[in-house]
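Only one structure is covered here, and it is reproduced in the block below.
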Amino acid sequence: MVVLQLSGPAPVNLQAKFSILELAHGSRKHLTTLSSFSLPSLFISNSQQPRHPISSFPPVNESVAAIVFGDGSESRLYPLTKRRSEGAIPIGAKYRIVDAVISNCINSNINKIYALTQYNSTSLNSHLSRAYTGLGLGKDGFVEVIAAYQSLEDQGWFQGTADAIRRCLWVLEEYQVSEFLVLPGHHLYRMDYQKLVDAHRRSQADITIAALNSTRDQDPGFGTLKVNSLNEVAEFHVKSEREPMIVPSVQGVQASNDNSYRKLSSMGIYLVNRDVMTKLLNEYFPQANEFGTEVIPGAISTGMKVQAYAFDGYWEDMRSIAAFYEANMECIKGLNMGYNFYDKDAPLYTTPRYLPPTTITGAVITDSVVGDGCILNRCKIKGTVVGMRTTIGEKAIIEDSVIMGSDIYQVRVVFLFL
């Protein structure tokens with residue numbers, strides 16, 4: 001039984017309409033959108049599904065599924081995204097950006113991973129299918145690509161992250177997991193998701209948002225959380241390119257200007273209970289397209305329990321060419337690197353390419369990283385990341401650069417050097 005409780009006087013035109021919809025996958029109760037989005041502290045609970053203690057949950061490899069997005073068409077990394085999505089961009093001489101996110105899942109023992117792709121997805125789809133097939137993710141483990149599709153019910157493409165999850169729920173709900181972990185596929189960071197899951201379950205939250213301790217109000221697209229001493233989210237602000245959108249405070253967690261509240265920056269990482277995900281997308285906000293800017297603010301405004309999980313490690317979301325360059329430079333910082341590409345306890349997985357060793361003939365190389373299968377002939381390289389299959393000829397001088405690498409060799413030049 002779903003209980004709705006209004007803590008204040010409702011608007012005159014506020015109406016809740018209930019109907020039974022016969023869906024392709026069975027009968028479900030459907031709550032249509034309320035006529036006014038500015039609700040007076042709406043509290044929603046499910047009396048038939050009491051919260052479970054953390055000890056009653058199975059391990060994360062059985063109870064959590066990850067949803068990774070290849071990212072959309074609005075990219076600040078153009079022209080790097082002219083022929084591929086952000087997640088498929090090479091980084092660190094041999095990896096793709098999405099490898100950092102997938103590797104976080106594997107190293108956190110989350111082995112049910114769905115990759116939802118659409119924009120310029122050929123390169124990303126190919127990489128994911130080759131890199132993680134047969135990796136040894138366990139009996140029920142997988143990395144499954146779900147490309148955008150058209151059906152008799154939906155003739156258009158995915159209209160956003162929320163729309164993509166909604167249309168793929170029939171696949172995502174195949175396994176009886178307890179939570180869905182929603183992840184952008186173009187961020188560079190290391191996180192143990194098991195700690196996030198444990199914090200979520202201890203707080204008995206409906207949704208947990210991973211957030212940075214430092215605020216980034218100056219950057220459009222970042223959500224800013226206002227949390228209390230218990231990390232309960234009191235307010236959620238989303239700053240767009242044009243103007244800020246402010247979501248009302250949550251019932252029982254009233255915001256304040258005193259020092260007991262602090263601001264965090266959303267990382268776009270959300271852990272959502274399975275039943276909550278279904279209700280949000282199919283019942284409460286069936287027209288919402290974006291998860292971060294529509295569904296999450298809507299969930300907060302209705303009084304769902306939303307927690308923040310503070311993260312204080314290295315994190316880069318690649319919002320500019322300059323940010324992408326600096327992320328690559330982490331490879332050559334040695335002991336000062338913010339992102340560790342060389343962590344033996346949490347390896348960074350990628351496609352095995354079986355390339356020959358790099359050939360170096362009379363070259364001078366300092367403070368650089370060189371990928372496999374390169375041919376460097378009497379050149380000077382300093383402070384540079386050199387991608388796979390790169391050929392650099394005589395007298396070339398390259399400093400403080402990122403060379404993306406190549407998918408194939410330039411055969412004539414290779415034979416000339418050899």
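Values quoted throughout were computed directly from the atomic coordinates according to the rules given, and no laboratory measurement underlies them. Remember, predicted model here, so these are calculated numbers, not experimental data. Counting neighbours? That spans all protein chains shown, and the Cβs are built from the backbone with ideal geometry, glycine included.
Both radii come from the Cα set of region 58-322: Rg as radius of gyration, Rh as Kirkwood radius; their ratio Rg/Rh reads 0.94. For region 300-418, a Kirkwood hydrodynamic radius built from all Cα pairs, placed in the Stokes-Einstein relation at 37 °C and 0.692 mPa s, yields a translational diffusion coefficient of 195 µm²/s.
Between LYS344 and SER401, the modelled label-to-label distance comes to 3.4 nm, taking each label 7 Å out from Cα in the direction of the beta carbon. Note on ARG83 and PHE57: the model spin-label points, each 7 Å out from Cα along the C-beta direction, lie 4.3 nm apart. A simple spin-label model places pseudo-atoms 7 Å from Cα toward Cβ; at ASP198 and LYS380 they are separated by 5.2 nm. Using the Cα gyration tensor of region 355-418, with a ≥ b ≥ c the square roots of its eigenvalues, what is the shape: rounded (a/c below 1.5), prolate (a/b larger than b/c) or oblate (neither)? Note, shape of region 355-418 comes out oblate.
Highest average first, the peptides 309-316, 149-156 ordered by how many other beta carbon atoms sit within 10 Å of their residues are 309-316, 149-156. In terms of surrounding Cβ atoms within a 10 Å radius of their Cβ, TYR119, TYR261, TYR354 rank from fewest to most as TYR354, TYR261, TYR119.
Projecting the Cα atoms of GLY156, HIS200, ALA310 onto the charge dipole of region 58-322, computed from C-beta unit charges around the Cα centre, puts ALA310 farthest toward the positive end. Put simply, region 81-184 fits an ellipsoid with semi-axes of 22, 20, 11 Å; these come from the alpha carbon gyration tensor as the roots of five times its eigenvalues, largest first. Counting every other Cβ atom within 10 Å of each residue's Cβ, LEU264, LEU77 order from fewest to most as LEU77, LEU264.
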